[in-house]
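Q: Have a look at this one.
The values are calculated or read from the model by the stated rules, or taken from the named source; none is laboratory data. Keep in mind that what you see is a predicted model, and the values were worked out from it rather than measured. All Cβ positions, even for glycine, are placed from backbone atoms using ideal geometry, and neighbour counts span all protein chains on display. Just so you know, the surface numbers come from the protein's heavy atoms only, side chains and all, with ligands and any DNA or RNA stripped out. Shrake-Rupley method; radii C 1.70, N 1.55, O 1.52, S 1.80 Å.
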Amino acid sequence: MELASQHRIARRRATVLAALCASLCSLLAATGAAARTGEHSSTRVTGITVYAAASLTDVFPKIDSGPKYSFGASSTLAAQITQGAPADVFASANTTIPAQLFAKQLVQRPVVFTRNRLVFVVPTSNPAGIHSVYDLKKAGVKLVIAAPAVPVGSYTLQVLKQMGLTSVLANVVSRESDVRSVLSKVALGEADAGFVYSTDARTVPGKVRVFKIPAWAQPKLTYALAVVSASGNKAAAQRFIREVLSKAGQKKMLAAGFLALPKAKSKR
Amino acid sequence: MRKALLALLYFLAAVVALAFLALPIVAIFVHVPPGRLIDQLSNPVVTDALIVSFKTTLIAQAFILLFGTPTAYLLASRRFPGRSLCVTLVELPLVLPPAVAGIGLLAAFGRFGLLGSSLSAAGITIPFTQTAVTIAVAFVASPLYIRQAIAAFETIDPNLVAASRTLGAGPARTFFRVILPLSRGGLAAGEALAFARGLGEFGATIMFAGSLQKVTQTLPLAIYAEFEVNFDVTLAISALLVLISAAVLISLKLTSLWQPSEQISSSRFARLSWS
């Protein structure tokens, strides 16, 4: 009796072990296959990790699905790179953060690659009845903006200052950690209004109404990217940057609503 | 010989485990000189977050005690159909990812939520307020208290309760003079754990209540917000939270109210959940 049950346990163990081996083998085969397709396709850069601004979440994988991506506030990503995060490319929603990292020799010389526009969005239901940027001053409006260290947060402060609307800051109910968190709070209808990039507003069609900000109040909103100095694969990182700057890459950026660089600047 | 080898293996495993657990905590304190840590504590970001954290956690604790204690007593002393379902429900927030708790709270209390839509019709909006922080803390912390309280109530000898009743004490008097004093060790332990968990609440809060200094930015949210601004401040807040958590545990041990072997036996919880 005792022996029989021991035998059963042993047999069960063997089955489990066999199943484990089988799944491990298929996993290895799958990763091997993935690596092979990567080698053959010339448009995919694999084996690198790209740290990119949250506003690039949708467009970068369309340009190249090869790299591993980590999206977040440019400021958060910069802090992670400063702490030694394993990034190969850093793409920021402004030029100041890459310039700071360059000064600390944490990244190589940054290149600008696209521009964007700041807008503000309200939920389609528009619970606070907002029809212009001046309505944001109304008492009780629940305004959500990004934290000042986050690029979109600092752009928001610049716009409000430029328009003489700093009083609306009294209506801020939350300072979110990145642009997509601002967007989702508005898209959910929990916030009455929020400042985001025009490209982000496009990712939730039907959920938000977009209000433009006059051109004279628009801050200079340029994106820059750079190879991370500690990268173990700088050649592939360079290849990815060239791909973003290429005609095909830029076409995809434009299709996602990003703005072309001014001619003189793109060569810098 | 084999025995000695086994003992050595136990010892090595313990050294690895203890070093692994201690290293990050030690690192928080030695990363920058202690003087610089203490300087950062007077930073308004830290003091504001401290006030928000303590205010919301203490209010949440009051509600947890007020509603959790009778709930736990009911679940511990009565057997009724659906009891195990209730116990599982109580324990669920404990294992739920905080992000799920945040989504759930939004879906329930958000402006377009199950309950929130009628509340907002009445002119009450919860998200982005200190009430939202308190609700998030209560949601994630109450299971720790209620679970521990059920265990504490279940260890009481029913004969003592019966004796109290036969000696003429009413149910209320029995509860406050016999049951509560007998279970106070377990209740205090549960309360301390719930307090520490509440103070550390992050995921549900950032989704449901947002983050605004002086209003909804608790200590963990301040760590997240300052991470990219001032690393020293995040270290200072982290050190503070380590000290508070350690103080909670140590004070419990010193007052000898902590009864680990009885109160956190896993078999008891296993029996509890599925009985």
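Q: Expressed as a whole percentage, what fraction of the accessible surface of the protein assembly as shown belongs to carbon and sulfur atoms when a 1.4 Å probe is rolled over the protein heavy atoms?
A: Whole-percent figure for carbon plus sulfur exposure: 66.
Q: When only Cα pairs under 8 Å and 6 or more residues apart are kept, what is the percent relative contact order across the range B:82-192?
A: In percent, rounded to a whole number, it is 25.
Q: A further question follows. Quick check: residue separation of B:VAL242 and B:LEU8 times 0.36 nm, minus the Cα distance between them. What number comes out in nm?
A: Using 0.36 nm per residue and subtracting the Cα-Cα distance, I get 81.1 nm.
Q: How would chain B be classified by its alpha-carbon gyration tensor: rounded, prolate or oblate, with rounded meaning a/c under 1.5 and the a/b versus b/c comparison settling the rest?
A: oblate
Q: For the protein assembly as shown, what is the accessible area per residue in Å² when the probe is 1.4 Å?
A: For the protein assembly as shown, the per-residue accessible area is 51 Å².
Q: Additional query: Does a label point 7 Å from the Cα of B:VAL100, set along Cα-to-beta-carbon, have any residues of the range B:136-161 with amide nitrogen under 17 Å, and which are they?
A: Answer for the range B:136-161: B:139-144.
Q: If one takes the accessible area of chain B alone plus chain A alone and subtracts that of the pair, with a 1.4 Å probe, what total in Å², rounded to the nearest 100, results?
A: 1700
Q: Something else: Any chance you could check the Cα centroid distance between the range B:99-153 and the range A:133-205 for me, in angstrom?
A: About 25 Å separates the Cα centre of the range B:99-153 from the one of the range A:133-205.
Q: Nearest 0.05, what FRET efficiency do A:GLN162 and A:SER229 give at R0 = 45 Å with Cβ-Cβ as r?
A: Here the calculated transfer efficiency is 0.80.
Q: Alpha carbon centre of the range B:8-51 versus the range B:54-87: separation in Å?
A: One Cα centre to the other: 33 Å.
Q: Once you have a ≥ b ≥ c as the square roots of the Cα gyration tensor eigenvalues for the range B:1-60, tell me rounded if a/c is under 1.5, and otherwise prolate or oblate according to whether a/b is larger than b/c.
A: oblate
Q: Could you identify which residue out of B:VAL26, B:VAL100, B:VAL15 has the top mean-square fluctuation in a GNM of chain B using Cα springs shorter than 10 Å?
A: B:VAL15
Q: Oh, and also: Pop out a list of residues from the range A:151-173 that are at least 10 Å² less accessible with all the protein chains around than in their chain alone; 1.4 Å probe, no ligands or nucleic acids counted.
A: A:VAL172, A:VAL173
Q: For the range B:32-106, which trypsin sites (Lys or Arg not before Pro) are in a loop by DSSP, counting at most 15 other Cβ atoms within 10 Å?
A: Answer by residue number: B:ARG78, B:ARG79.
Q: What FRET efficiency, computed as 1/(1 + (r/R0)^6) with R0 = 22 Å and r the Cβ-Cβ distance, is obtained for B:LEU180 and B:PHE63, rounded to the nearest 0.05?
A: The formula returns an efficiency of 0.75 here.
Q: Additional query: Which trypsin sites (Lys or Arg not before Pro) in the range A:117-214 sit in a loop by DSSP (not H, G, I, E or B) and have at most 15 other Cβ atoms within 10 Å of their own Cβ?
A: A:LYS138, A:ARG202
Q: Would you list B:ARG2, B:ARG173 from the most to the least accessible area, probe 1.4 Å?
A: Largest to smallest exposure gives the sequence B:ARG2, B:ARG173.
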